[in-house]
Amino acid sequence: MKSVFFSRFFILLPWVLIVIIMIDIDSKRAIRAPAAGRTGRAQRNPRSGSPGAGGAQNQSSLPIIYAITPTYSRPVQKAELTRLAHVFRQVPRIHWIVVEDSTSRTDLVTRFLARSGVPYTHLHVFTPRRFKRAGMPRATEQRNAALAWLRQHRGKRDSGVVFFADDDNTYSLELFEEMRSTRGVSVWPVGFVGGRTYERPLVSGGKVVGWYTGWRPDRPFATDMAGFSVNLQVILANPRALFKRRGSQPGMQESDFLKQITKVSELEPKANNCTRVLVWHTRTEKPHLANEPKLKKDIVDIEV
């Protein structure tokens, strides 16, 4: 009996070994397949998430947004410019025109712009002291200097949109997507202006028909400086259009400028027919510096 058992055992043994080997091979294949699939998805995801060559080509055809920012020396200047730079770095095809109210370019702003990561032009023009009295329009000379630079360095073949981006505002990235398609002059709501939570153009049938505002509703263009953008070619086609110093009342600079280049009936409402707020006039709180020593006592000179 034992001899019969062993003879049958040795006859079946090779077949058992073959079956075990086949099972082992199949099991390894089953394990490898999902791993290969995960690797493939991991390789594809970065490509689908990045712009790639095609995305770069699409961005190069976008009109450039020329963001004009007047600025002046004060304790919060660098902080406000930093906040603005963080936004602009995320906006494709933007050129930042920073104009200092100064007799020369300051070291602080020069260093800041060099490290900002945003394409920029750095200008300066000093506001005469007689125009710095309370209640007088601000940043007139600086905005006009930026317009002069555009007229000197850009031509009929250049596409772009001009936007007055004051450094005391907060901007949604969506705003820049909205304004980029401006053909003439675009408008939209602005938060925290005119003594209200927002002001906005009133729109009917896709046209601006009036203004929801808490101050001087009789203004031809009752909007804030952050509430409109202008196609670059409109700026170039109207070389005499400037922000007025003489004869312009406080709060009227926007209207005085816009009526030189457009009509209310020609305005292009953005932000879902002017029903969404994408920019806020937040302002930075003036810092409390009562304990600041009159004479420097820190051995390190730190730029703030």
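The values are calculated or read from the model by the stated rules, or taken from the named source; none is laboratory data. Predicted model only: the values in this text are computed from it and were never measured. As a convention, Cβ positions derive from the backbone with ideal geometry for all residues, glycine included, and neighbour counts pool all protein chains shown.
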Next on the checklist: What are the pairs with Cβ atoms under 7 angstrom where one residue, in region 92-106, is at positive phi and among the aliphatic types (A, V, I, L, M) and the other, located anywhere, is in a loop (DSSP other than H, G, I, E, B) and crowded, with 17+ Cβ neighbours inside 10 Å? Sequence gap at least six, or different chains.
Outcome noted: none
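Name the residues in region 152-188 that are among the basic types (Lys, Arg) and surrounded by fewer than 15 Cβ atoms within 10 Å (Cβ to Cβ), would you?
Listed by number, the residues that qualify are LYS156, ARG157, ARG183.
Would region 285-304 turn up any residue that is modelled with pLDDT of 95 or more and surrounded by fewer than 13 Cβ atoms within 10 Å (Cβ to Cβ)?
no
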Checklist entry - How many residues are under 19 Å from ASP168 (Cα atoms), in a helix (DSSP H, G or I) and of a type outside the set (Val, Ile, Thr) if we restrict to region 87-137? => result 4
Item to check | Candidate set from region 172-194 (those that are part of a helix (DSSP H, G or I) and not charged (D, E, K, R)); member that is farthest from SER255 (Cα to Cα) | outcome: LEU173
Next on the checklist: Looking only at region 251-304, how many residues end up being assigned to a loop (DSSP other than H, G, I, E, B), charged (D, E, K, R) and over 27 Å from VAL87 (Cα atoms)?
Outcome noted: 8
Checklist entry - Which of the residues that make up region 73-100 are surrounded by fewer than 18 Cβ atoms within 10 Å (Cβ to Cβ) and more than 18 Å from the chain's Cα centre (by Cα)? => result SER73, ARG74, PRO75, VAL76
Checklist entry - Looking at region 113-139, which of its residues are out of contact with any Asp or Glu (no Cβ under 9 Å at 6 or more places or on another chain) and within 30 Å of LEU62 (Cβ to Cβ)? => result LEU113, ALA114, ARG115, SER116, GLY117, VAL118, PRO119, TYR120, THR121
Checklist entry - Is it the case that some residue within region 241-255 is more than 20 Å from MET136 (Cβ to Cβ), at pLDDT 95 or above and not small (Gly, Ala, Ser)? => result no
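Just checking, how many residues over region 214-250 are among the small types (Gly, Ala, Ser) and free of Cβ contacts under 8 Å to residues at least 60 places away in the same chain?
So the answer is 5.
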